[in-house]
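For reference, the structure discussed in these notes is given below.
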Amino acid sequence: MPTRKRLGDLLQEAGLVTEEQIEEALQAKKNDQKLGDALLEHNFITERQLIEVLEFQLGIPHVSLYRYPIDEQVLGYVSREMAQQHYIMPLKIQDNSLLVAMKDPMDYYVIDDLELATGLSISPVIAAKDDILYAINKYYFKNETQTPEEEIDTDDEAPVIRMLDQLLTTGIQLKASDIHIDPQEADVHVRYRIDGRLQTEKIVPKQMQNALVARIKILANLNITQTRLPQDGRIKTTVGVTPVDLRISTLPTVFGEKVVIRILDLNNALMDLTELHFSEENYKKYKRLIGQPSGLVLLTGPTGSGKTSTLYASINQLNREDVNIVTVEDPVEYQLEGINQVQVNTSVGLTFASGLRSILRQDPNIIMVGEIRDQETAEIAIRASLTGHLVFSTLHTNNAIETIPRLMDMGIEPYLVVSSLSGVVAQRLVRQICRDCKTEREPTEMEKDIFDKNGVEAGPVYYGQGCNVCHHTGYRGRVAIHEVLVVDDTIKSMLLNQKSMIEIRDYIRSEGMSFLIQDGLEKMKKGLTTMEEIMQVSIQV
């Protein structure tokens, strides 16, 4: 039996963590969380470092499952539930022992359980957590859905329940924001949006399509007989141990109903303002904006740019016992304690505008309007901000400065915009370079040119080489880039004197405001993202 060393000792011996860091991780970790996961969460180590230490210290080899020839005959030895729960993947039998890829080869309890269950001796190898998850989803799921056609009994709900459970579990484990169930002519494609990119993960047999859609509709309390009109609903459930809120949207297409499931992971719902990747300067400006007693603060950006996360983080920061915060949203994405949240319901006449009117009679201090979509909502929000309320909302514009003409285009009088608007935050999400395979390089001539044009000093830049942890994409997770426009007295007088947006832009540039692209370039120098990502979301100014 190998000598049972503790992970903390191994990492300390390797000089990767200090005693203090281990203490901090131990105190902060959740009940059943392992030390390795707590250290990763605190960014004290990377997954690659963890694997290398275990490989070197324990003499256990590390495998990449990306193209590993897994013997599908051995899947029967380990149940999918056990594989998912403990992050293990059986690979093959050799010399009367079962080769098993494990995230944590020091989990001797799991090894003992496996030996008892299989009657074989276990040879553990190390693999990255996401690598194991991809393998589990690829092999176990394939075997579960490959039922011969004549065996699929349309009255038998079990395969469909299992399949939906599997789709959701996969979505949460892969940290997907959305699951797309796309009916095609011959089969059904399941795609996951991971870090903002859609990728096909599964192909489901066509004959399971109707049962799968019906199952989702039943859970979301939708009309199961209505297949020719779009429907929206939500499901609150627990997948494994993760509480999730699912938003469901169905859309009739030529080959049947397409379903999109938006996953709202309630564990990750509430971020702190400090976790939103604001630069130091932008953070100070934004704190000042939301610290004011009244005024209108707008967040702008396209769908899926993290506006809601920023709004919730802001409101959470301001949520105190002596403040009455009321929101009107469509839909209420996350339910927050101590905040009065109103769900828009147009079918009974509860719109943003009517909800907002009623809110003003509720003696609020802070109001959040999910989105300004029309002139009526904009006018009430502006009047509320002029009568001593702090109002937050979102708007769809390309950058911060375009918000001003957009409000005027909605039919708002310029003097009202000038007197109410305190500030605008424009935001985008870009993919973050994987910490495990981040590599430094010198900038190209084109990159130097872009740095130069935007007044940012060029320095070394980084890219992800691709590894098992990020599934060979070079990216893992996303980071926000911002521009924060504070509407000061000079901008107000320029607007009242009908100066053009170009003149206002020149003024804020001369004041040193950092635009989206400049914030992106600074984050690029810090090794957070790449030029390709910034170029996709920001316009050079």
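Just how far, in whole angstrom, is the range 401-423 from the range 1-54 if you go by their alpha carbon centroids? Centre-to-centre (Cα) distance: 52 Å. Packing around the peptides 280-286, 398-404, 496-502, taken as the average count of other Cβ atoms within 10 Å per residue, puts them in this order, highest first: 398-404, 280-286, 496-502.
Summarised in one figure, the compactness ratio Rg/Rh of the range 33-89, Cα atoms and Kirkwood Rh, is 1.03. Projecting the Cα atoms of Asn454, Met408, Val469 onto the dipole axis of the range 408-469, where Lys and Arg carry +1 and Asp and Glu carry -1 at the beta carbon, places Val469 farthest toward the positive end. Based on the convex hull around the alpha carbon atoms, the range 290-369 presents an average projected area of 5.7 nm². Contact order for the chain, expressed relative to its length and based on alpha carbon pairs under 8 Å spaced 6+ residues apart, stands at 10 percent. With a ≥ b ≥ c the root eigenvalues of the C-alpha gyration tensor of the range 427-485, is it rounded (a/c under 1.5), prolate (a/b larger than b/c) or oblate? Oblate, since a/c reaches 1.5 and b/c is not below a/b.
Semi-axes of the equivalent ellipsoid for the range 351-450, please: Cα gyration tensor eigenvalues, times 5, square-rooted, ordered largest first, whole Å. Before the final figure, lay out the partial values.
Details: eigenvalues 292, 60, 26 Å².
Working through the eigenvalues yields semi-axes of 38, 17, 11 Å.
Apply the Kirkwood formula to the range 1-77: the hydrodynamic radius equals the inverse of the mean of 1/r over all pairs of different alpha-carbon atoms; give it in Å with one decimal. Could you put the intermediate results ahead of the total?
Details: mean 1/r = 0.0701 Å⁻¹.
For the range 1-77, the Kirkwood estimate is 14.3 Å.
At the listed q of 0.19, 0.23, 0.26, 0.27 Å⁻¹, the Debye profile of the range 172-249, built from one uniform point per Cα, gives log10 I(q)/I(0) equal to -0.97, -1.30, -1.37, -1.37.
Quick check for you: with a 1.4 Å probe and neighbouring chains kept, what is the accessible area per residue of the chain, in Å²? Provide the component values of the computation, followed by the final result.
Working: 25980 Å² over 541 residues.
Value for the chain: 48 Å² per residue.
When both the range 168-194 and the range 77-110 are represented by their alpha-carbon centers, they are found 26 Å apart. For the range 250-389, the percent of C-alpha pairs falling in each 10 Å distance bin, counted from 0 to the bin holding the largest distance, reads 10, 37, 36, 13, 4, 0.
Across q = 0.11, 0.14 Å⁻¹, the range 33-141 modelled as identical point scatterers on its alpha-carbon atoms has Debye log10 I(q)/I(0) values of -0.32, -0.52, in the order of the q list.
Packing-wise, with mean Cβ within 10 Å as the measure, how do 203-210, 360-367, 327-334 rank, highest first?
Values: 203-210: 16.6, 360-367: 15.1, 327-334: 19.8.
Averaged packing, sorted descending, gives the order 327-334, 203-210, 360-367.
Summary of the geometry: the range 282-314 and the range 438-486, compared by the centres of their Cα atoms, lie 25 Å apart.
Rounding to the nearest 20 debye, state how big the charge dipole of the chain is about its Cα centre with +1 on each Lys and Arg Cβ and -1 on each Asp and Glu Cβ. Don't jump to the answer; show the numbers that get you there.
Working: 56 positive and 78 negative charges, 198 e Å.
Here the size comes out at about 960 debye.
Long hydrophobic helices in the chain, taken as whole DSSP H segments with a C-alpha length of 18 Å or more on their own axis and mean Kyte-Doolittle hydropathy at least 0.0: 158-173. Both radii are taken from the alpha-carbon atoms of the range 78-137; with Rh as the Kirkwood radius, Rg/Rh is 0.92.
The values are calculated or read from the model by the stated rules, or taken from the named source; none is laboratory data. The structure displayed is predicted, hence computed values, not measured ones. No Cβ is skipped: glycine too gets one built from the backbone with ideal geometry, and neighbour counts run over all protein chains shown. Ligands, DNA and RNA are excluded from the accessible area calculation, which covers all protein heavy atoms including side chains. Shrake-Rupley method; radii C 1.70, N 1.55, O 1.52, S 1.80 Å.
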